[in-house]
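Everything on this sheet refers to the single structure shown next.
Just so it is clear, none of the values below were taken in a lab; they were calculated from the coordinates. These numbers come from a predicted model, not from an experiment. Cβ coordinates were reconstructed from backbone atoms using ideal geometry, including for glycine residues, and neighbour counts include every protein chain displayed.
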Amino acid sequence: MHEVSIAANLIEIVSEQCRKGGYLRIESINLKLGRASGIMPDALLFAFDAMKTDSPARDAVLMVEEVPVSGRCGGCGGTFTVQEEYVLHCPLCGGGSFQIVGGRELDIVDMEVSE
Amino acid sequence: MKVKVATKILEANDRIAAENRKIFDGAGVFVVNLMSGPGAGKTSLLERTLAAKGGLRVGVVEGDIAGSDDAERIEKYGAPVVQINTGGACHLDANMISDVLGDLPLDELDVLFIENVGNLVCPAEFKVGEDMKVMLLSVAEGHDKPLKYPLMFQESAALILNKIDLLPYTDVDVGKIRKDAQSLNPGLRIFEVSCRTGAGIDEWVAWLGREAEKS
C-alpha cells in the first residue's frame, strides 16, 4: 500500500547516483524484493512508471527479482526456503527455534546507464 | 554500462530515524511507535494510559491523514501533543517526526508515544526513531489477522488485544490470535485490555513503566 513512497525513494536514489556519475540516463534498474517485504511488485511497477517522468529514469525499465522467505533452524540445523510470506514452524523438523534470514529485501542491486 | 548501486531503498528513512533516535536518547525519552488498523483503539489506549500513568511524564505525537480530533482528545489530559497530518500518506516516516521534534518538550518527558496512521500494513515498514513498536488489535477484527498481516506482528514488542469486553458477542478465537502471533514473534508480549471498561490497563501501564526505566 506504500508502494508510492517506495517508488519515490527508489527514483531519488538512482537519480542521485546517475547525476553523481555524470551519466545521461538510466536504461534499467535491478531490484531485489523480498516476498515478506510487504511490497507488491505490480503496484511498485505502476507507481514507478507514474513517477519516473521528470527524472533521469524517465525511460527506465524496472526489473524485479522476487526473493522467497528463507530461514535457518537452530533445532535441526537445517536451512529452508518457503513459498509463503511467513514461517510459523521449521518446515524440516517442526520446531520453533528458527531464524528468518531472507525475504525482507527492498534493495537496489544495480542499474544500466548510458553516457 | 552497468553501475552497481547496492543500496537499501529505505536507507534514507533509516538514516533519519537513527538521527531522531539519537535526539530521543539524548533527552532520555523512551519512544513507542503505536500502530494498528483504523478503529482498533490507539487513541483510546492513550487516553486510558494518560489517566493511569502515575508519575510517568508522557507526550504524544498524533499521526492522521487529516484532522485534529485525536490531538484534541489527548490535550484534555494535559499531555503535550503535536498533530501531524500526512495529507494522504498511509504511514508516518522518520522525516515527518524529525520536523516536529522542536515542538515537543523532550527534556520534560519520560515516554513519547507516536500514534501512527491507522493501517495494519505500511507503518510496520518505516522506522521513525522509536525504542519499540507496540501494536493493537481489537478482537472485533477477527483471529485471522496475524497470518494475513504478519509484518506488524513480527516487528512489535507488544500486542494489545483491545475490546475484550466484546468477546461474548463475537466468534473470535483469542487462543488462535495468541498462538499465531507468538509463532510469528516468540518474544511478543500480549496484553488483553478493554479501553471501554479499563480492564487490563494497569498491567500494560506497569509494563510500559518498567520498559521505559530499563532503557
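Compute the relative contact order of chain B as a whole-number percentage, counting only Cα pairs closer than 8 Å that sit 6 or more residues apart in sequence. Result for chain B is 25 percent.
Considering only A:LYS20, A:LYS32, A:LYS52, the Gaussian network model of chain A with Cα springs below 10 Å gives its largest mean-square fluctuation to A:LYS20. Given the range B:121-187 reduced to its alpha-carbon atoms as identical point scatterers, what log10 I(q)/I(0) does the Debye formula return at q = 0.15, 0.24, 0.26, 0.27 Å⁻¹? The computed values of log10 I(q)/I(0) come out as -0.47, -1.05, -1.18, -1.25.
For the range A:24-81, the mean projected area of the C-alpha convex hull, equal to one quarter of the hull surface, is 5.2 nm².
A straight line joining the Cα centroids of the range A:22-56 and the range B:162-188 runs 38 Å. Please state, rounded to one decimal and in Å, the Kirkwood hydrodynamic radius that the range B:100-215 gives when every pair of distinct Cα atoms enters the mean of 1/r. Roughly 15.4 Å, rounded to one decimal. The ratio of the alpha-carbon radius of gyration of the range A:1-50 to the globular-protein estimate 2.2 N^0.38 Å is 1.22. The antiparallel fraction among DSSP beta bridges confined to the protein assembly as shown stands at about 40%.
Calculated [222 nm] ellipticity per residue, helices only, for chain B: -10500 deg cm²/dmol; basis is -39500 (n - 2.57) per DSSP H run with n ≥ 4, divided by all residues, nearest 500. Calculated on C-alpha atoms, the gyration radius of the protein assembly as shown divided by its Kirkwood radius gives an Rg/Rh of 1.00.
Cα-based values for the range B:1-70, radius of gyration first and Dmax second, are 17.6, 63 Å. Here the label points at B:LYS179 and B:ALA206, each 7 Å from Cα along the C-beta direction, are separated by 2.9 nm in the simple model. Ordered by the number of other Cβ atoms lying within 10 Å of each residue's own Cβ, fewest first, B:GLU213, A:GLU16, B:GLU47 fall into the sequence B:GLU213, A:GLU16, B:GLU47.
Quick one: what do you get for the range B:54-104 if you divide its Cα Rg by 2.2 N^0.38 Å?
Dividing the Cα radius of gyration by 2.2 N^0.38 Å gives 1.17.
Could you calculate the contour length gain from B:ILE190 to B:ASP144, that is, 0.36 nm times the residue separation minus the distance between their Cα atoms, to one decimal place in nm? Before the final figure, lay out the partial values.
Values: separation 46, 0.36 × 46 = 16.56 nm, distance 1.63 nm.
Stretched out fully, the B:ILE190 to B:ASP144 stretch lengthens by 14.9 nm.
Taking B:LYS76, B:LYS176, B:LYS133 in turn, the Gaussian network model of chain B (Cα-Cα springs below 10 Å) assigns the largest fluctuation to B:LYS76. For the pair A:SER55 and A:ARG72, label points projected 7 Å from Cα toward Cβ lie 3.4 nm apart. Size estimate for the range B:20-136 follows the Kirkwood approach: the inverse of mean 1/r over distinct Cα pairs works out to 13.9 Å. The protection proxy used here, the mean number of other Cβ atoms lying within 10 Å of each residue, ranks peptides B:7-17, A:87-97 as follows, highest first: B:7-17, A:87-97. Computed over the Cα atoms of chain B, pair by distinct pair, the Kirkwood hydrodynamic radius stands at 17.7 angstrom.
In summary, the lysines within cross-link reach of B:LYS8, defined as a Cα separation below 29 angstrom excluding same-chain residues under 8 places away, comprise A:LYS20, A:LYS32, A:LYS52, B:LYS22, B:LYS127, B:LYS133, B:LYS145, B:LYS148.
Treating each Cα of chain A as an identical point scatterer and summing with the Debye formula, the log10 of I(q)/I(0) at q = 0.09, 0.10 Å⁻¹ comes to -0.32, -0.39.
Both radii come from the Cα set of the range B:154-215: Rg as radius of gyration, Rh as Kirkwood radius; their ratio Rg/Rh reads 1.01.
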